[in-house]
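Right, one structure below, let's go through it.
The values are calculated or read from the model by the stated rules, or taken from the named source; none is laboratory data. A quick note: this is a predicted structure, and the numbers were derived from the prediction, not measured. Positions of Cβ are backbone-derived with ideal geometry, glycine not excepted, and every protein chain shown enters the neighbour counts. Side chains are part of the model used for accessible areas, which takes the heavy atoms of the whole protein and leaves out ligands, DNA and RNA. Shrake-Rupley method; radii C 1.70, N 1.55, O 1.52, S 1.80 Å.
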Amino acid sequence: MIRKYALILGVMLLLVTACQSKTEPEDTQQPEVSVSTNDELTVDEDESAVSTPQDEVAPPEYVDESKYSGDELEIVKLMNTHMRYLYEQDEKAYMSLFAPESPISGMPNYTFRKITSMGDITITEQKKLYQGVVMITEVDEDDIESSSTMVFWKWKADGDAAKWIIADID
């Protein structure tokens with residue numbers, strides 16, 4: 001195991017060393033670039049005239065809802081809405097997805113690009129509510145994977161008008 005890490009570290013070090021280049025005088029950037037049009041336009045090096053795609057976060061890839069029905073479909077739709085509100089940075093809408101008793105008190109400072117794996121949705125009947133639980137693995141905008149358990153509630157007292165809400169995300 002240690003040899004494997006040492007080999008990986010050695011290859012990475014070799015790549016970093018190979019990619020480094022010495023700066024020659026002709027490689028240095030000029031402080032101003034002049035563009036000729038009908039009107040003279042000067043763009044400083046520090047100013048960006050066009051935003052780059054790197055500045056934008058790619059929209060999330062949602063869970064395929066066509067594979068689900070009934071309560072499971074409603075839970076998957078709620079999960080997709082959760083990801084959408086994170087992406088849109090809509091805190092008010094995001095918090096409306098959670099039960100008032102939920103320990104979640106605000107939006108996290110990250111967004112998820114997609115759910116890479118999802119366990120079975122387990123729905124159990126409790127005294128006052130139905131509870132859904134699902135284990136998921138998500139990938140964030142920095143390609144970091146994390147696993148969590150999402151807990152959902154649907155209150156029996158609401159009858160036919162009952163809707164699933166997020167109780168917690170651990």
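Things to note:
- Matching residues in the range 78-112 - criterion: being over 16 Å from Ala167 (Cα atoms) and of a type in the set (Asp, Glu): Glu88, Asp90, Glu91
- Counted residues, the range 110-156 - those being among the charged types (D, E, K, R), more than 17 Å from Tyr87 (Cβ to Cβ) and open to solvent by 70 Å² or more (accessible area, probe 1.4 Å): 5
- Test: residue in the range 79-94 that is at pLDDT 95 or above and over 22 Å from Ala58 (Cα atoms): no
- Checklist (1) of a type in the set (Asp, Glu); (2) out of contact with any Phe, Trp or Tyr (no Cβ under 7 Å at 6 or more places or on another chain); (3) in contact (Cβ under 8 Å) with a residue 60 or more places away in the chain applied to Glu65, failing item: (3)
- Annotation: of all residues in the range 111-170 being assigned to a strand (DSSP E or B) and among the aromatic types (Phe, Trp, Tyr), the one that is modelled with the lowest pLDDT is Phe112.
- Of the residues making up the range 66-104, those that are more than 17 Å from the chain's Cα centre (by Cα), closer than 20 Å to Gln131 by Cβ and in a helix (DSSP H, G or I) number 6.
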